[in-house]
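The values are calculated or read from the model by the stated rules, or taken from the named source; none is laboratory data. None of the values given here were measured: they were computed from a predicted structure. Counting neighbours? That spans all protein chains shown, and the Cβs are built from the backbone with ideal geometry, glycine included. Protein only, heavy atoms only, side chains kept; ligands, DNA and RNA dropped before computing areas. Shrake-Rupley method; radii C 1.70, N 1.55, O 1.52, S 1.80 Å.
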Amino acid sequence: MLNMKCPCGNERDFSSCCEIIHHDLSKAETAEKLMRARYTAFVLGNIDFLYHTFHPTTRRYQTKKEIESWAKQNKWMQLEILNSTYSTVEFKAYYLDQHFDVQVHHEKSKFKQVQHIWYYAEGMLIN
Ligand SMILES: [Zn+2]
């Protein structure tokens, strides 16, 4: 993993970008940083991180198994951040599906803080 460019698209090494957040959620100072770290977790298959970054009110509807199958059945290609505000991020995530067709996941995500730590609250798909 040394000197691997961060999959989130920042021009930085993984070790000085999303990896820091993967080890310590409180290091995501903004909603966008958490969103990027979650995308990177999809790329790397870090299911525990994806699970734990759901806001507590929505986490109970998630299962690690479902997160894992969504993360692993697709090949995540690229993240494009279209707009980010204090608590929302609109993005496009490009991936190859099981038939190797390029798909775009276009979402506006909402984030909420609990004790100064950002969590993914909900996402609205945009067509
Ligand atoms: Zn990153």
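Tallying residues that are of a type in the set (A, V, I, L, M, F, W, C) and farther than 21 Å from Gln115 by Cβ within segment 1-40 yields 8. Would you check if Lys72 is more than 13 Å from the ligand (Cβ to nearest atom), open to solvent by 60 Å² or more (accessible area, probe 1.4 Å), in contact with a Gly (Cβ under 9 Å, 6 or more places away or on another chain) and modelled with pLDDT of 95 or more? Judged against the criteria, Lys72 is not a match.
Enumerate the pairs (first residue in segment 1-29 and β-branched (Val, Ile, Thr); second residue anywhere and near the ligand (Cβ under 9 Å from one of its atoms)) with beta-carbon separation below 7 Å, excluding pairs fewer than 6 apart on the same chain, so at least 6 apart or on different chains. If the second residue must be near the ligand (Cβ under 9 Å from one of its atoms), the pairs left are Ile21/Lys33; Ile21/Ala37.
Of all residues in segment 88-114, those that are at pLDDT below 95 have Cβ atoms under 7 Å from Cβ atoms of residues that are open to solvent by less than 30 Å² (accessible area, probe 1.4 Å) and not acidic (Asp, Glu), 6 or more apart or on another chain, in Asp97/Asn74. Quick one: would you say Ile117 is modelled with pLDDT of 95 or more, open to solvent by less than 20 Å² (accessible area, probe 1.4 Å) and away from the ligand (no atom under 16 Å from the Cβ)? In short, no. Residues in segment 1-47 that are closer than 17 Å to Trp76 by Cβ and more than 14 Å from the ligand (Cβ to nearest atom) were compared, and the one that is surrounded by the fewest Cβ atoms within 10 Å (Cβ to Cβ) is Gly45.
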